[in-house]
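Let me begin by presenting the structure, written as structure tokens, before commenting on it.
The values are calculated or read from the model by the stated rules, or taken from the named source; none is laboratory data. Keep in mind that what you see is a predicted model, and the values were worked out from it rather than measured. In this analysis, Cβ positions are derived from the backbone assuming ideal geometry, glycine residues included, and neighbour counts consider all displayed protein chains. In case anyone asks, the SASA skips ligands and DNA or RNA and just uses the protein heavy atoms, side chains included. Shrake-Rupley method; radii C 1.70, N 1.55, O 1.52, S 1.80 Å.
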Amino acid sequence: MASYLQVSNISKSYGPKILFENIGFNINEGDKIALIAPNGTGKTSLMRILAGKDKSDSGGKIMFLKQIRIAFLEQEYAFSPEKSIFNQIVDDSSEFIDGLDDYSRSEYERRIIRILTDFGLGGDKTMSSLSGGEVKRVALTRMLATEADFFIMDEPTNHLDIDAIEYLESYLSHSRCTLFMVTHDRYFLDRVCNTVMELDHGALYTYKGNYQNFLEKRQERIDNYNAETDKVRNVLRRELEWIHATPCARSGKAKYRINAFHELKDRAEQVYSTKQISIALDISGSARLGSKIINCKDVSFHYEGQCYLSHFSYNFQRFEKVGIVGRNGVGKSTFINLLTGGLEPDSGIIERGESLKIGYYHQEGMSFDESQTVLETVNDTRLLGQFLFPHDMLNNRISKLSGGERRRLYLLTILMKQPNLLILDEPTNDLDIVTLNILEEYLKEFAGSLIIVSHDRHFLDRLVDHLFVFCGEGVVKDFIGGYSEYRSFIKDYEAKQKKDAEAAKKKAQAAILPKELQNGNSANTSPAKKKLSWKEQRELEQLEKDIEELGKEKKEIEEKLSSGSLSNDECTSMAIRFGEVKELLDEKEMRWLELSEL
């Protein structure tokens, strides 16, 4: 088995803060590794060093196997706002494309269109029109289309909706690629990776197996370390008695034993304690939660010709915990802004209880004075300590905090206000797994109502009683249960739909056979069929013509893209048209099936 990456003796620190020191590891062909660590301990710094965008303080070595293709995914994707999605990807891929012949280049561009389609994107939209989740899908498309041997990814699921996460999860779990990624998504980690690496107190530890195995083996490591510390303390106690003997006796003491005593003393002080957030806020001062929370009656909202909410009615209850799911751009954040009063509905009524006190955590709401210190932002050392801000960090400027540390501080500022309704819009982005576990424990015991917009399936499964599923065009479905139950229901439903569609197709095909060949039935035993209206008959005839023409066009485009004779501009235009034709063909074939069933 080939070694794809060898890392030895690399270090990184910022001022007096050491992120990691002289670490090394090896990644072999076929490994799928998740790197996890608390926020601010160097995960992204390590990724940037591997990508060549930063340097190790101590030199060290980073050696990739020469003949393999490597693709990097950083947290933030730099793009040109005026470019189309397709052109952005192709232009960003010049280093990869330059080594390809015309046929291979065409194949690469076809893969771009296919993956964009799978992600629910068209190649002709401009980058400036995209949401954060759509930009992430573009970055992922660029990476996946290379079909590289080795993917290195920093938080690949951040800002993705759950459909996109599940697509990426399926792609990577079935791919033969080698993978090294930072992630906080525990379901994604469990289903994709076969190894967990933990960056802890500047050292790196490796655990073969899934996330559950990592938790068990990590605890064993900590227990063993602390047990060894207890043994060292017992030895130290005896040495301390010896070192405190009379001056006369001490004068003859061996120098090596005195030096060994000081080494023992240093080791005995190294008690391993896993930092955790204990969000033990006093909620006695919170406003008492009345019987009325938020009542919605026949609420609708449109923006720029698009319907985001249509005739929605629901009365939120005391202490209920509801999750909100749906594709990017379908209206989830708009719905939250309607509930909180940030937007006014086009029609309908939203009533809020008099005792309601909302704590709203949202992605655009995090605003700090970058020059302030942590302590100046939240002047409570006890709470800061519970939120993993030790004394040596209290005087750090906000500008020096990592993304996860800023999110953690922002969450603290909201909880300090002692709300009785918590609304969390994508709270898991940039938070490390340790923080997420403790936050979940707190929210399970939260003495108020809870509304969560999230793509973190584990987070939803642990916390919510039911889901509002945003289906598009303003339609919202209420599903009782957690996310895994919902997905199981949807898969069963889709399987039934597919089975019914296949049965309808067979039935339609059988209907055009001579009567004596239809399952051996005679004419008098054939089931009666509904007669199509004149309009439906004309539509069916037109569909058959359109399907035939689109099929021919699709085949012609495939041949041209494979010919290697097209210019770059022609390739771009053809690839975009290929996606359009494929989508039209799918729509018309589905409508043909519906009419044929009649």
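Annotation: amide H of SER58 within the under-5 Å range of SER11, sequence separation 5 or more or interchain, hydrogens built in the peptide plane. Note on segment 322-378: Rg/Rh from C-alpha atoms, Kirkwood Rh, equals 1.08. Simple point charges give the picture: +1 on the Cβ of Lys and Arg, -1 on the Cβ of Asp and Glu, and for the chain a dipole about the Cα centre of about 1980 debye. A helix-only calculation puts the chain at -14000 deg cm²/dmol for mean residue ellipticity at 222 nm, using -39500 (n - 2.57) for each DSSP H run of at least four residues, averaged over all residues.
If both residues of a DSSP beta bridge must be in segment 78-209, then about 60% of such bridges are antiparallel.
Applying a threshold of 28 Å to the alpha-carbon distances of LYS32/LYS66; LYS292/LYS477; LYS136/LYS505; LYS506/LYS555 flags LYS136/LYS505 as lying beyond it. May I ask what percent, to the nearest 5, of DSSP beta bridges between residues of the chain are antiparallel? Roughly 50 percent of the DSSP beta bridges within the chain come out antiparallel. Counting only protein heavy atoms and a 1.4 Å probe, segment 288-442 has 45 square angstrom of accessible area per residue.
Computed on the chain, with alpha-carbon pairs under 8 angstrom and 6+ residues apart, the relative contact order is 15 percent. Here is the tail figure for the chain: Cα pairs spaced more than 36 Å apart come to 51 percent of all pairs.
Under 18 Å Cα-Cα from LYS55, which aspartates and glutamates qualify once same-chain neighbours fewer than 8 residues away are excluded? Within the straight-line cut-off, LYS55 pairs with GLU21, GLU74, ASP154. Once the dipole of the chain is set up with Lys and Arg at +1 and Asp and Glu at -1 on Cβ about the Cα centre, which of THR44, SER8, CYS307 lies farthest towards its positive end? After comparing all options, I get SER8. Normalised per residue, the accessible area of segment 80-168 is 34 Å², obtained with a 1.4 Å probe and no contribution from ligands, DNA or RNA.
Summing charges over all other residues whose Cβ lies under 15 Å from the Cβ of HIS311, with Lys and Arg as +1 and Asp and Glu as -1, gives -2. Farthest towards the positive end of the charge dipole of the chain, among the residues ASN194, PHE214, ILE398, is the Cα of PHE214, using unit charges on the Cβ of Lys, Arg, Asp and Glu. At a probe radius of 1.4 angstrom, the accessible area of segment 5-64 per residue rounds to 46 square angstrom.
Computed from the alpha carbon positions, the gyration tensor of segment 399-452 leads to an equivalent ellipsoid with semi-axes of 20, 13, 9 Å, biggest first. When +1 charges are put on Lys and Arg Cβ atoms and -1 charges on Asp and Glu Cβ atoms, the dipole computed for segment 1-146 relative to its Cα centre reaches about 440 debye.
With a 1.4 Å probe and every protein chain kept in, tell me what percent of the accessible surface of the chain is carbon plus sulfur. Spell out each step's value before the answer.
On the way: 14940 of 30810 Å².
Of the solvent-accessible surface of the chain, carbon and sulfur hold 48 percent.
Taking the chain as the reference, fit the longest principal axis to its C-alpha atoms, fit the long axis of helix 433-444 to the helix C-alpha atoms, and give the angle between the two in degrees, 0 to 90, nearest 10. Here the helix axis deviates by roughly 80 degrees.
The Rg/Rh ratio for segment 54-162 is 1.00, where Rg is the radius of gyration of the alpha carbons and Rh is the Kirkwood radius.
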